[in-house]
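A short worksheet on the structure shown next.
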Amino acid sequence: MRRLVSSRRGFTMVELLIGVVVTGILGVALVRMVMFDARLSEDREAWRTARQATRSALAVLTSDLRMVEPGGGVVAASTDGRDLTIRVPYAFGVMCLTSGNVTTLALLPVDSVMFAQPGFAGFAWRDRLAGTYTYVPGGTLTLGASSAPCTAAPAITPVAGGQMVSVTGTVPLTLEKGAIFLLYRRVRYEIKASVLMPGETALWRTVENTSVTEELAVPFGATTRFRYHVAASPAAQDLPPAPLSNLAGVELALEGRSDRTARTSASRKTVAYQTSIYFRNR
């Protein structure tokens, strides 16, 4: 009986070795590609976190600083540029009546959430001829005042959606009906040590007269600070002017940092951002 012989044969040792070598080369190339992509992704994330710190700080700072009134809106400014206290207006209106100590105001409509936040620190009234504000700190704010003083001649019609309020504090009896008033909160910004990321520097926001203190953004580099624009000078200076009523605006010098060192770099990523906000609220 004839034995059947298969025409198929297996791989030779040389072919197996070639296959192993080719597979190894492809595997190394694939690993390198994956590692490169991971490092690139880590690098992008480091840049993103560095930019995020500056963007988060800028959004809140801009919102507050744009509302500041130049004549008396800045309460205190440190020489190291890391501590700034401002009066932030949050509601505007007109006077309907004053007794010299209690004043009735018809306010313009304002965001209800922002208005309901605590921290009323006082009010200011505007001199019609000089165009300047006089600030009256402290006192009390009472909602739901009567609109009757507004309807007495000369009549003022409260704007729909606004509120009637009364405030306590000294106001000249000679102040004309319809004078512009603003309500404000005192807000303090500090660049100091972080609690969320120990060992790092953060931007803090505190609404005075309340317990509201927020760590807004972190981490920042050592060059982060406020600089000061003095009236009629386009360049910002390190020291605040004296008196502070000469302060025309604030330059924000923000140095955002990544929260860790990427493997593609020997140091942490930093993003420097500078912008100036001038006080225009008149």
Practice problem: Given the conditions (1) part of a loop (DSSP other than H, G, I, E, B); (2) in contact with a strand residue (DSSP E or B) (Cβ under 6 Å, 6 or more places away or on another chain); (3) surrounded by fewer than 20 Cβ atoms within 10 Å (Cβ to Cβ); (4) not charged (D, E, K, R), report the number of the one that Ala153 does not fulfil. | Solution: (2)
Quiz item: Of all the residues that make up segment 159-194, how many are open to solvent by 10 Å² or more (accessible area, probe 1.4 Å), closer than 19 Å to Ala116 by Cβ and not small (Gly, Ala, Ser)?
Solution: 5
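Out of Val230, Val212, which single residue is touching a residue at least 60 places away in the same chain (Cβ under 8 Å) and either touching a Ser or Thr at 6+ places or on another chain (Cβ under 6 Å) or open to solvent by less than 60 Å² (accessible area, probe 1.4 Å) (or both)?
On the way: Val230 fails: touching a residue at least 60 places away in the same chain (Cβ under 8 Å).
Checking each option against the conditions leaves just Val212.
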Practice problem: Kindly provide the set of residues from segment 111-131 that are in contact with a Ser or Thr (Cβ under 8 Å, 6 or more places away or on another chain) and either among the basic types (Lys, Arg) or in a helix (DSSP H, G or I) (or both), ordered by number. | Solution: Arg126
Quiz item: Yes or no: Gly256 part of a loop (DSSP other than H, G, I, E, B) and either of a type outside the set (A, V, I, L, M, F, W, C) or open to solvent by 30 Å² or more (accessible area, probe 1.4 Å) (or both)?
Solution: no
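When you scan segment 201-216, do you find a residue that is outside any strand (DSSP E or B), in contact with a helix residue (DSSP H, G or I) (Cβ under 9 Å, 6 or more places away or on another chain) and on the phi < 0 side of the Ramachandran plot, even just one? Spell out the reasoning first.
Start the filter on segment 201-216 by keeping residues that are outside any strand (DSSP E or B), which leaves 208-211.
From what's left, in contact with a helix residue (DSSP H, G or I) (Cβ under 9 Å, 6 or more places away or on another chain): none.
No, because not a single residue in segment 201-216 is outside any strand (DSSP E or B), in contact with a helix residue (DSSP H, G or I) (Cβ under 9 Å, 6 or more places away or on another chain) and on the phi < 0 side of the Ramachandran plot.
The values are calculated or read from the model by the stated rules, or taken from the named source; none is laboratory data. Quantities reported herein were computed from a predicted structural model and do not represent experimental measurements. Don't worry about glycine lacking a Cβ; one is built from the backbone with ideal geometry, like all the others, and counts go over all protein chains shown. In case anyone asks, the SASA skips ligands and DNA or RNA and just uses the protein heavy atoms, side chains included. Shrake-Rupley method; radii C 1.70, N 1.55, O 1.52, S 1.80 Å.
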